Every structure is written in structure tokens, then in C-alpha cells.
Amino acid sequence: VLTIRSGPGGGPVVRRPRPADLGEALTLILQFESATFREVMEARAWLEPIVTRSAAAAISKSAIAALREVNAAIMEAPEDIDAFSRHNRRFHSIIAENCGNVVLQVFAETLIAVGDGRSVGISYPVPQVTAIAGSHAQIIAALEAHDADAAETAMRAHLGEATTYWRRRFGDLTSRPVRWTS
């Protein structure tokens, strides 16, 4: 919660903590505990479908529009892995932001931040990015219909497909401990 402002009149400044702060602290703790990427993704697979179920009840039209916009951005440049990573994280964060429970939101956003597979060397070819965008479209449709069961099921399937891809293609990488990155 403290940042240091440099220059004349500088010094410590108190700021409001952000969910990303927990992500940084959690990543450090997970590194010291030798937690693997697979363990992070298992936790995410347990939590995120429930977050999505909760979001289905009250997600706004503007949040649905934002999800569509982010998913469209993924499809505009499926070969740009940096853009994909950024947009994919944003997609999942929008859902967390709309779940109606600040505790679930903070934990989900933390796991989303920590669970970026690029930290362990996971990459996504264009066909995989396209498949992910397709899964996102199913999640959006369920959220737009305010169908909690379908939203939870779609997110569970999406994360299950991701896990299958990671294990098949990067099995050895997913068993590596989470690394502290800045």
C-alpha cells in the first residue's frame, strides 16, 4: 500500500491496494512453497466456474459488450501472443469484476494473474487461440442469457480444454514451480 514518490516533496504515499497486489504477494508465497503451475490452474478451475455462475445473475449489458469487444480483439490478431495474453486476462477479469462478491473477485483475479502460462513457457498457436475465442463466445452467450448453469458449465469446459491442451503439449512445464516475475 506504500509507494515512494521521488523528487522534491516526494516520499512515501499511501494508496488503495489492488487485486494485482495480492497476485504479486501470492506468486512470491507460491514460489517459496514450490507450488506448480498445475496446482494454480487446479485452484482456478475450482473457483472460476463458480465466479462465472455468480456473474450470470447480474452481469450488465455493458459488461457483456466489453466481453464481446475483448473476444473480438483476440480474433483480430490471433498470432499476437502478447495481445492474446492481455485480452484473455481481461476477459476473465471482467467476469470476476461482475460476480457480485468482492472476495471471489479478488481471489479470481489473483489466480488469473498468477495463472498466466507464459511464466512457465506455455505458448498458443493460432488454432488454439481461435478455439479459446470460441469457448469465450459460449461463455458470453450463457452470461447474456443470465443462465447460471450454462455459464458455469461453459467456464468449466473452457478451463478443462485449457488443462487438456497444457498437459498434452506442455506436460513437463506445468509441473514446474511458479516463478516470481515482476
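The values are calculated or read from the model by the stated rules, or taken from the named source; none is laboratory data. What you see is a predicted model; the values in this text were computed from it and never measured. Please note: Cβ atoms are built from the backbone with ideal geometry, for glycine as well, and neighbour counts cover all protein chains shown. Just so you know, the surface numbers come from the protein's heavy atoms only, side chains and all, with ligands and any DNA or RNA stripped out. Shrake-Rupley method; radii C 1.70, N 1.55, O 1.52, S 1.80 Å.
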- Task: Starting from region 104-182, pick out the trypsin sites (Lys or Arg not before Pro) whose DSSP state is loop and whose Cβ has at most 10 other Cβ atoms within 10 Å.
- Result: none
- Please work out the average accessible area per residue across the chain, using the 1.4 Å probe convention, and give it in Å². 53 Å²
- In debye, nearest 20: dipole of region 8-49 around its Cα centre with unit charges on the Cβ of K, R (+) and D, E (-)? 260 debye
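When the accessible area of the chain is split by element with a 1.4 Å probe, what percent falls to carbon and sulfur? If you can, show how the numbers build up before the last one.
Numbers: 5520 of 9700 Å².
The nonpolar share, carbon plus sulfur, comes to 57 percent.
Kindly provide the helix-only [θ] at 222 nm of the chain, computed as the sum of -39,500 (n - 2.57) over DSSP H runs of four or more divided by all residues, to the nearest 500 deg cm²/dmol?
Theoretical 222 nm ellipticity from helices: -24000 deg cm²/dmol.
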- Task: Let me know the whole percent of all Cα-Cα pairs from the chain that are separated by more than 21 Å.
- Result: 51 percent
- Which residues in region 137-157 have a backbone N closer than 13 Å to a point placed 7 Å from the Cα of ALA57 along the Cα-to-Cβ line? 147-149
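For region 1-119, what is the charge dipole size about the Cα centre, in debye to the nearest 20, if Lys and Arg each add +1 at the Cβ and Asp and Glu each add -1 at the Cβ?
Values: 13 positive and 14 negative charges, 89 e Å.
So the dipole magnitude of region 1-119 works out to roughly 420 debye.
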- Message: Suppose a student asked you for the relative contact order of the chain, using Cα pairs under 8 Å spaced at least 6 residues apart; what percent would you report?
- Response: 35 percent
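Using the Kyte-Doolittle scale, which helices in the chain average at least -0.5 and also have C-alpha atoms spread 30 Å or more along the helix axis, with helices defined as whole DSSP H runs? Don't skip to the end; give the middle numbers.
Numbers: long enough: 37-58 (31 Å, 0.19); 148-174 (35 Å, -0.66).
Going by DSSP H runs, the hits are 37-58.
Is region 116-182 rounded, prolate or oblate when judged by the Cα gyration tensor, a ≥ b ≥ c being the square roots of its eigenvalues, rounded requiring a/c under 1.5 and prolate requiring a/b larger than b/c? It would help to have the intermediate numbers written out before the result.
Values: a/c = 2.39, a/b = 2.04, b/c = 1.17.
It is prolate, given that a/c is not under 1.5 and a/b is the larger ratio.
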